[in-house]
Amino acid sequence: MRVLVTGGAGYIGSVVTAQLLSEGHQVVVVDDLSTGHADAVPPGAEFHQLDVAALDPVLGDWGVEAVIHFAAKSLVGESVAEPARYWRTNVVGTVALLDSLRAHGIDRIVFSSSAATYGQSKEQPIREDAPTAPTSAYGSSKLAVDLALADYARAYGLGAISLRYFNVAGALRTSEGRYYGERHTTETHLIPNALRAASGTGEALPLFGTDYPTPDGTCVRDYIHVVDLAHAHVQSLGVAAPGIHQIVNLGSGSGNSVREVLRTVRAVTGSDVPVAEAPRRPGDPPVLIASNDRAADLLGWRPTLSLRAMVEDAWEFHNATN
Ligand code: UFG
């Protein structure tokens, strides 16, 4: 299949692009490089440095049959301070993309949504029919697109799947020895920052909150390997059906606390993670765990890689790129 990947120069987009190519698909990557890296676009993909809102004049020439849409702003904290940027890029940009797809008869899309759409869900594990109550403009912008996709599916026959990711980690090493991993200029995520702290190249890791109502007082999250996540995208392309919008959570179905993650980082790196205990980070829910029953039923998807594998692969990536 010939697939358009928006945001294919970013972390998850580059891994999914590499996965698609390795499975024999053709990939056209669009990325404006506002946060992505040109050298993260896998060789073999056709690359265009463009905004997703500017595709209308060119999309008809590319012959794409389906789209996987990652291009977005994705910092929760920044979204609270600068919501306009999130509504404009993530929502207005995506609606422009959807209208370009309609204009060119492209009727299949897999969308990079987020557990942030649920907010502080009381229900754990979280099913796809749990109430949505985002606590950031990032989460609101992802929810707004999920709602738009449902309307476009109903009215215009779009086949859409929203994949709501929980905590993505790890990296991909291809058979040619290339690495694709997390390389954010502003890094807020636990695992890459803990690896930096363990390697002595970064500051001590702030541990946000030790008084949560969880077994060890730190937040519990559901970690999922980016390679497992990539498989779910490829499987979704085959399942998206005209006129139907479906939401699918992607997580392991179980959780690990921040302290458990730090113990895994210690075991993998052989170094203690210097930690500075800090107050709770605003907006962090105590526990977020996915129900992955629908992913199994609809996509035939199951996670295969452990937290240990995520940390090992992220560590290999860290060492290869630092
Ligand atoms: N944490 C620290 N120190 C750090 C970074 C994180 O203690 O330096 C803690 C956080 O407080 C949280 C846990 O580690 O308890 C995980 O934090 P991350 O920033 O790695 O991930 P989040 O759970 O905050 O965010 C993830 C995705 C977001 C998504 C959100 C949904 O990265 O895109 O889940 O709730 F919006």
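The values are calculated or read from the model by the stated rules, or taken from the named source; none is laboratory data. Fair warning: this is a prediction, and the values are worked out from it, not measured in the lab. All Cβ positions, even for glycine, are placed from backbone atoms using ideal geometry, and neighbour counts span all protein chains on display. Surface areas here come from the heavy atoms of the whole protein model, side chains and all, with no ligands, DNA or RNA. Shrake-Rupley method; radii C 1.70, N 1.55, O 1.52, S 1.80 Å.
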Cα pairs beyond 25 Å in the chain, in percent, come to 48
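Express in % the proportion of alpha carbon pairs of the range 55-143 at distances exceeding 21 Å. Could you put the intermediate results ahead of the total?
On the way: 1593 of 3916 pairs.
That tail contains 41 percent of the Cα-Cα pairs.
Restricting to DSSP loop positions (anything but H, G, I, E, B) with no more than 15 other Cβ atoms inside 10 Å of their own Cβ, which trypsin sites (Lys or Arg not before Pro) remain in the range 143-227?
On the way: sites: 154, 164, 173, 178, 183, 196, 221; in loops: 178, 183.
Passing sites in the range 143-227 are 178.
Let me check I have the definition right: for the range 102-168, take the eigenvalues of the Cα gyration tensor, multiply each by 5, take square roots. What are those semi-axes in whole Å, largest first?
Working: eigenvalues 120, 24, 24 Å².
The three semi-axes for the range 102-168 are 25, 11, 11 Å.
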One finds the C-alpha centres of the range 266-322 and the range 14-62 to be spaced, in Å, by 26
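Let me know the charge dipole size of the chain about its Cα centre in debye, to the nearest 20, where only the beta-carbon of Lys, Arg (+1) and Asp, Glu (-1) is charged. Could you put the intermediate results ahead of the total?
Numbers: 24 positive and 35 negative charges, 77 e Å.
Dipole magnitude for the chain comes out near 360 debye.
With r defined as the distance between the Cβ atoms of residue 127 and residue 241 and R0 fixed at 25 Å, what FRET efficiency is calculated, to the nearest 0.05? Please list the in-between numbers first.
Details: r = 21 Å, r/R0 = 0.84.
After rounding to 0.05, the efficiency reads 0.75.
Once you sort the root eigenvalues of the Cα gyration tensor of the range 154-250 as a ≥ b ≥ c, which label holds: rounded (a/c under 1.5), prolate (a/b larger than b/c) or oblate (the other case)? Write down the numbers at each step before the final one.
Values: a/c = 3.01, a/b = 1.61, b/c = 1.87.
Oblate, since a/c reaches 1.5 and b/c is not below a/b.
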Computed over the chain: longest principal axis from alpha-carbon atoms vs helix 258-269 long axis, angle to nearest 10 degrees, is 90
In the neighbourhood of residue 115 defined by beta carbon distances under 10 Å, the net charge of the other residues (Lys, Arg +1; Asp, Glu -1) is +2
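For the range 1-58, what is Rg from Cα atoms divided by 2.2 N^0.38 Å, rounded to two decimals?
Working: Rg = 10.4 Å, N = 58, 2.2 N^0.38 = 10.3 Å.
The range 1-58 yields a ratio of 1.01.
Tell me the net charge near residue 295. Cut-off is 15 Å between Cβ atoms, residue 295 excluded, with +1 for each Lys or Arg and -1 for each Asp or Glu. If you can, show how the numbers build up before the last one.
Numbers: positive: 127, 164, 294, 302; negative: 128, 129, 222, 228, 293, 297.
It works out to a net charge of -2.
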Residue 38 and residue 80 label points (each 7 Å along its Cα→Cβ direction) are spaced in nm at 3.7
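In nm², what is the average projected area of the convex hull enclosing the Cα atoms of the range 230-322? Intermediate values should be presented prior to the final figure.
Numbers: hull surface 34.8 nm².
With every direction weighted equally, the projected area is 8.7 nm².
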The size of the Cβ-based charge dipole (Lys, Arg +1; Asp, Glu -1) of the range 172-322 about the Cα centre, to the nearest 20 debye, is 100
With all protein chains present, the range 41-100 has a carbon and sulfur share of its accessible area (1.4 Å probe) in percent of 56
If one compares the long axis through the Cα atoms of helix 226-239 with the longest principal axis of the Cα atoms of the chain, the angle in degrees, nearest 10, works out at 30
